[in-house]
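Here the structure is laid out as structure tokens; the discussion comes afterwards.
The values are calculated or read from the model by the stated rules, or taken from the named source; none is laboratory data. The model shown is predicted, which means the values in this text are computed figures rather than measured ones. Positions of Cβ are backbone-derived with ideal geometry, glycine not excepted, and every protein chain shown enters the neighbour counts. The accessibility values were calculated without ligands, DNA or RNA, using every heavy atom of the protein model including side chains. Shrake-Rupley method; radii C 1.70, N 1.55, O 1.52, S 1.80 Å.
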Amino acid sequence: MESLLQALRHAYFVAVGGGFVFAFVAEALVPRDPVQDEGRHTRRVFRNLPLAVLTRLVAGVGVGIWILGLDTHLFDPGWGPLQRLSLPLPALVAVGVIAVDLGQYVFHRLMHRNRWLWMVHAVHHSDPHMDVSTTLRFHPIENALNLLWKAGLLGLLGLPMWLVAPQTLLMIPVALLQHANVLLPSSVDRALSRVIAAPCLHRIHHLPLAAKNNANFGEVFSVWDRLFGTLQFPTRSTDSC
């Protein structure tokens, strides 16, 4: 299990580093919305980066290690009913990915529904121009609450906390794609939206109108929005999916 975790850790850094480099290059080559003011754009990106570092320190060290003790309890099975099942590793990963992603959908809806939680989540939505750096723009309190939420969910199910990692590896490329200022063919966007929370769906979520950003909460998969009636497609043909 330790070797699996090590492989997941390496995959995480490759996905984050490689994904950001690829997205930055793609934004320069095929931007969806051309940058009007390069200086302002650069300053905004470099404001988002240190916020991301602070956010991960608060969540990862402050909550993950100091409060949850994940450095020593990462493989603990939790106290819920699923701990009694001896699931093979592929089934365990599949259950973990589904559980975490559904939990993220619920968490995201709560962040929009509750006034106090929205004040924290609004940091992400307040980015004036959405690009790949917006993926990093979260308040430290939100990421801390999110980690506690995942730990509570997996604990109640009886699943070990390390199962956050496979869903995170799926989430990274999806989140980068969702926010990147990259022009995708509408046919590609449409095909992706059948399975994942595609860019055309997530752009609606970031619209400033309340009726719009209360839709399309899925983090990785679009199925949760379909099941719970929060899926909304673009109405303009240029954004169609």
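Table for the structure above
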item	result
Segment 174-183: number of residues that are over 12 Å from the mean Cα position of the chain (by Cα) and open to solvent by less than 50 Å² (accessible area, probe 1.4 Å)	3
The listed residue being closer than 22 Å to Gly62 by Cα and either in a helix (DSSP H, G or I) or of a type in the set (A, V, I, L, M, F, W, C) (or both), out of Leu148, Leu201, Leu184	Leu148
Flag for His41 being within 22 Å of Pro128 (Cα to Cα), modelled with pLDDT of 90 or more and open to solvent by less than 80 Å² (accessible area, probe 1.4 Å)	no
Number of positions in segment 184-220 that are open to solvent by less than 10 Å² (accessible area, probe 1.4 Å) and of a type in the set (S, T, N, Q)	2
Verdict on Trp162 being of a type in the set (Phe, Trp, Tyr), in contact (Cβ under 8 Å) with a residue 60 or more places away in the chain and either open to solvent by 60 Å² or more (accessible area, probe 1.4 Å) or not in a loop (DSSP other than H, G, I, E, B) (or both)	yes
Of the criteria (1) under 14 Å from the mean Cα position of the chain (by Cα); (2) closer than 30 Å to Leu4 by Cβ, which one His139 fails	(2)
Matching option when the condition is aromatic (Phe, Trp, Tyr), over 15 Å from the mean Cα position of the chain (by Cα) and under 22 Å from His205 (Cβ atoms), among Trp149, Trp116, Trp162	Trp116
So Ala23, is it at pLDDT 80 or above, open to solvent by less than 80 Å² (accessible area, probe 1.4 Å) and under 22 Å from Met161 (Cα atoms)	no
Any hit, segment 45-60, residues being open to solvent by 30 Å² or more (accessible area, probe 1.4 Å), more than 18 Å from the chain's Cα centre (by Cα) and either over 16 Å from Val132 (Cα atoms) or in contact (Cβ under 8 Å) with a residue 12 or more places away in the chain (or both)	no
Filter pass, Leu70 being surrounded by 12 or more Cβ atoms within 10 Å (Cβ to Cβ) and within 21 Å of His124 (Cα to Cα)	no
Leading residue by the ranking (modelled with the lowest pLDDT) among those in segment 96-133 that are among the hydroxyl-bearing types (Ser, Thr, Tyr) and open to solvent by less than 20 Å² (accessible area, probe 1.4 Å)	Ser133
